[in-house]
Amino acid sequence: MAFSEKKVLIVGGSSGIGLATAQAAVAAGAQVVITGRSEEKLAQAKALLGGAVETSAFDMTREQEVQAFFAQQNKTYDHLVVSSASPSAGHSCNWNQPAHANCLTSSSGAKYYVADMALQSWRPRDR
């Protein structure tokens, strides 16, 4: 399968490494969806990347926003990049707590949760 047939989801794709990754994926012909918290920054990134890029604003530290994003997606993805800034680096993550309350505010907890939710939209690999 050529890269032009790949779908790439980049969480935190409106600036920095996420935006650079989106630029490379678009240049290679991938279908790209970028997310971030700021509608304004996403619009600027989309203008830079071109009209074929899709955008969606949500805060990955808010469980309901992450769930709503993946629930409304009628897509399967081949690649996931989570390049958003860490919300807070000092908390531990305990996945046994109800609703993972402290996980979404941890440095890696929110990223892990996004990846876990993305698995439901994952395209099975051809073997």
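Residues of the range 64-86 that are over 27 Å from E5 (Cβ atoms) and either touching a helix residue (DSSP H, G or I) at 6+ places or on another chain (Cβ under 6 Å) or of a type in the set (G, A, S) (or both): A68, A85, S86.
Within the range 16-53, track down each residue that is among the charged types (D, E, K, R) and modelled with pLDDT of 95 or more.
Of the range 16-53, the ones among the charged types (D, E, K, R) are 37, 39-41, 46.
Of everything in the range 16-53, those that are among the charged types (D, E, K, R) and modelled with pLDDT of 95 or more turn out to be E39, E40, K41, K46.
Yes/no matrix, rows are residues, columns are (1) part of a helix (DSSP H, G or I); (2) among the hydrophobic types (A, V, I, L, M, F, W, C):
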residue: V33; (1), (2): no, yes
residue: A45; (1), (2): yes, yes
residue: L48; (1), (2): yes, yes
residue: G51; (1), (2): no, no
residue: S56; (1), (2): no, no
residue: M60; (1), (2): no, yes
residue: Q64; (1), (2): yes, no
residue: A68; (1), (2): yes, yes
residue: A71; (1), (2): yes, yes
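With respect to the conditions (1) modelled with pLDDT of 90 or more; (2) outside any loop (DSSP other than H, G, I, E, B), G13 lacks only one, and its number is (2). Restricting attention to the range 55-79, the residues that are under 13 Å from V11 (Cα atoms) and either small (G, A, S) or modelled with pLDDT of 95 or more (or both) total 3. Is it the case, given these coordinates, that V8 is at negative phi and assigned to a strand (DSSP E or B)? So V8 passes the test. In the range 20-49, which residue that is surrounded by fewer than 20 Cβ atoms within 10 Å (Cβ to Cβ) and in contact with a helix residue (DSSP H, G or I) (Cβ under 6 Å, 6 or more places away or on another chain) is farthest from Q72 (Cα to Cα)? Per the stated criteria, the residue is A28. All conditions but one from (1) in contact (Cβ under 8 Å) with a residue 60 or more places away in the chain; (2) surrounded by fewer than 17 Cβ atoms within 10 Å (Cβ to Cβ); (3) of a type outside the set (K, R) apply to Q64; the one that does not is (1).
The values are calculated or read from the model by the stated rules, or taken from the named source; none is laboratory data. Being a predicted model, the structure only gives us computed values, none of them experimental. Positions of Cβ are backbone-derived with ideal geometry, glycine not excepted, and every protein chain shown enters the neighbour counts.
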